[in-house]
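Shown next, in structure tokens, is the structure this report addresses.
The values are calculated or read from the model by the stated rules, or taken from the named source; none is laboratory data. Predicted model only: the values in this text are computed from it and were never measured. Because the Cβ atoms are built from the backbone with ideal geometry, glycine has one as well, and the counts that use them run over all protein chains shown. Remember, those area values only see protein heavy atoms, side chains included, never the ligands or the DNA or RNA. Shrake-Rupley method; radii C 1.70, N 1.55, O 1.52, S 1.80 Å.
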Amino acid sequence: MKLHEYQSKAVLAQAGVPVPKGSVADNAEDARRIAEQLGGRVVVKAQVLMGGRGKAGGVKLFDDAESAGNFTRELIGKRLVSVQNPQGMVVERVLVAEQVDIAEEYYLSVLLDRDVQKLVVMISAKGGMDIEEVAATDPEAIARLHVDPAWGLCDYQIREALRQASIPPHARSQMVTMIKRLVRAYVDADADLVEVNPCAWTTDGRLVAADAKVSIDDNALFRHPDLAGTAEDSADDPIEAEAAKRGIAYVRLKGDIGIIGNGAGLVMCSIDEVAAAGGRPANFLDVGGGAKADRVKACVELVMMDPGIKGLLINIFGGITRCDEVARGILEALQQLDLKVPVVARIEGTAADEGRKLLEGSPLVSATTMREAAQKIVALAYG
Ligand code: GDP
Ligand code: MN
């Protein structure tokens, strides 16, 4: 789950990383008041979960509280569009923070390197810009430092990496400390990403996290109830947000064939079969073990929120999940949602015969194997 910048900065501050003072506001008057308390010289930053806010017009510096308030009025309710996020996101809140007098901008991040099964710290002197671009045009400018899970990081290793990354000597001592604290923040918060871009070297010689992006491992959210409350409004996609609210494992994909199954493996397999048959899967959805009719109906409803859906494939292998329960859910969904698209169901396993009997006479098409189901839905949806 991605955290907003202001939440990310709170996580970093807890680990002792220096961040500029600031507060969030959802209206111009609050923003003006915060700016006044900070002395007027502030930066107003749109709190939307996308990169490139600066270029999209969502970050602006001010010398007085009045202008900061006016800009907030302009920004709230506006849709920001960036290269990374062409559909854009509507601004609901801004962060009003004390302005940092930036002399140099660096890049720091901590993430998991799955290939070597260790955390990796990425360091670059080319901060402030899009790191993907740096990686593409000048990969040498990014130094990578792996963190030993038992020993952690030693100062000399960090210093070596800073030299490699061409971080100027004057910033190195503070950066050694900051890197150790970023790694601690990553571990303590059960993060799957910690990124500081820019990591700013100020005109008065301090290293400060001027921007922060933290993402928390969804599977560890139960250990962070203070952050978990924001899960719903932090999803990028409105259907994914609704799924989070209903507790349904759903991931939106780019295609137009809706997919529902039970068990993550079976769902991914169904996605592969649909793709192999020439279809474009619209989503991943796992109804979960032991799903009852209500839940199946809620899942169908969720998938159909995507306006581009041309067909729906339901692939259930009953174990704990009873196929007759699934069938009841499908029937209720068909009746109440007035589906206009073809539906193919392959149900097998516990109480499959009862389930199939229930579905007889419905407009739904049945199939015996997963492959046959995938081919049928592709033919019907695009036919
Ligand atoms: P992003 O574009 O979404 O990554 O937003 P950032 O918070 O990184 O802001 C974009 C750019 O605005 C940064 O790279 C800085 O150059 C500039 N910026 C942000 N905050 C400040 C600040 O406090 N002072 C100064 N001088 N520039 C800032
Ligand atoms: Mn940034």
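Annotations for the structure displayed:
- For Ile259, the residues whose modelled amide H falls within less than 5 Å of its own, excluding neighbours fewer than 5 places apart on the same chain, are Ala282, Asn283, Leu313.
- Rounded accessible area of Ser362 (nearest 10 Å², 1.4 Å probe): 30
- Solvent exposure, largest accessible area first (probe 1.4 Å, DNA, RNA and ligands not counted), of Phe71, Phe317, Phe284: Phe317, Phe284, Phe71
- Pairs of lysines in region 237-382 whose Cα atoms sit within less than 21 Å of one another amount to 13, provided the residues are eight or more positions apart or on different chains.
- Ordering Gly16, Val147, Ser362 by Cα displacement along the dipole of the chain toward the positive end leaves Ser362 in first place; charges were set at the Cβ atoms of Lys, Arg (+1) and Asp, Glu (-1).
- Springs between Cα atoms under 10 Å define the GNM used for the chain, and in it the highest mean-square fluctuation of Asp64, Asp226, Asp155 occurs at Asp226.
- Relative to one another, the C-alpha centroids of region 168-225 and region 271-285 are positioned 38 Å apart.
- Estimated at the nearest 10 Å², the accessible area of Met89 is 30 Å² with a 1.4 Å probe.
- Extents of the chain, taken as max minus min of Cα coordinates on every principal axis and listed largest first, are 77, 49, 37 Å.
- A Förster distance of 25 Å, applied to the separation of the beta-carbon atoms of Arg73 and Met129, puts the FRET efficiency at 0.25.
- Shown here for region 148-239: chymotrypsin sites (Phe, Trp or Tyr not before Pro) in loop regions (DSSP other than H, G, I, E, B) with at most 11 other Cβ atoms within 10 Å, namely Trp151.
- Region 237-382: C-alpha gyration tensor shape, a/c 1.5 cut-off, then a/b vs b/c: rounded
- Once the Cα-Cα distance is subtracted from the 0.36 nm per residue extended length, the Gln84 to Glu360 segment shows a gain of 94.6 nm.
- Computed from the C-beta positions of Ala276 and Ser23, the FRET efficiency with R₀ = 41 Å rounds to 0.20.
- By the rule of a C-alpha distance below 28 Å, with chain neighbours fewer than 8 residues away ignored, the lysines paired with Lys126 are Lys2, Lys9, Lys21, Lys45, Lys55, Lys60, Lys118, Lys180, Lys213.
- Calculated [θ] (222 nm, deg cm²/dmol) that DSSP helices of n ≥ 4 give over the chain, each run adding -39,500 (n - 2.57): -11000 deg cm²/dmol
- Spin-label model distance (nm) - Asp155 vs Val187, 7 Å beyond Cα toward Cβ: 1.8
- Taking all protein chains as shown and a probe of 1.4 angstrom, Arg246 keeps an accessible surface of around 80 Å².
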